[in-house]
Amino acid sequence: MFMGTPPPPPPPPDDRGPFPWSAPPPGRHGGGGPSRAGLGGRWRRLFAGILDIIIVGVVSSPFTYQSFTTVWDTSKDVLVRVPVQHTFLAALIGFLYYWLLTAFWNGQTLGKKLFGLRVVDRGWGRVGVGQAALREVVAWVLYATCCLGWINLAFILFTRDKQAIHDIAARTLVVDT
């Protein structure tokens, strides 16, 4: 190059990234990471989760309604009715609800669909079946363990990408639709 000659301009950026067939999803600009504006809001996640819990409760209630057993209380010398829930069956129904809908219904449960949210992988692609299963297994193990379910949910408040522990483990994000 001669002195005083400006260098040639750089080539135009290739912003196709993983979305060559269309514009990137909201919150995703070029090849960079997700913008925080495209992430699902914490309050909408909360209300979507509450709605999903109600749906799972209604669906699983026929299996847990009036499940009592009578046992002899030796300290009081009387028969006592003790509630016995079919917890495993109710948990299985809940797991299948979250896993199958997340894996096969565009990353959405009924609550997420109503509140305009969906689960995607870290690259903003569709969540795989195994990835959705891992997400739910981690969530259910944490919910079943004393107080860890609350810690799992608290992570949403303090992580930059609004991820719970089960999202971090499965490498997923909850985003706006």
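The values are calculated or read from the model by the stated rules, or taken from the named source; none is laboratory data. As the structure is a prediction and not an experimental result, all values here were calculated from the model. Glycine gets a Cβ as well: all are built from the backbone with ideal geometry, and neighbour counts include every protein chain shown. Quick note on the areas: whole protein, heavy atoms, side chains included, nothing else; ligands and nucleic acids left out. Shrake-Rupley method; radii C 1.70, N 1.55, O 1.52, S 1.80 Å.
Amide H to amide H, with H built 1.01 Å from N, LEU117 comes under 5 Å of THR177, counting only residues 5 or more places away or on other chains. How far apart, in nm, are the 7 Å Cα→Cβ label points at LEU89 and LEU157? Simple spin-label model gives 3.7 nm for this pair.
Placing R0 at 30 angstrom, the Cβ-Cβ distance between VAL141 and THR177 gives a FRET efficiency of 0.60 after rounding to 0.05. Among the protein heavy atoms of segment 54-177, carbon and sulfur supply 69% of the accessible surface, probe 1.4 Å, non-protein parts ignored.
Using a probe of 1.4 Å on the protein chains alone, the accessible area found for TRP105 is around 90 Å². The string of couplings for segment 125-141 from the Karplus curve (6.51, -1.76, 1.60, θ = phi - 60°) is x, 5, 6, x, 4, x, 5, 5, 5, 4, 4, 6, 4, 4, 4, 5, 5 Hz, one whole number per residue in order, with x for Gly and Pro. Projected onto its three principal axes, the C-alpha set of segment 45-177 covers 62, 28, 25 Å, listed from the longest axis down.
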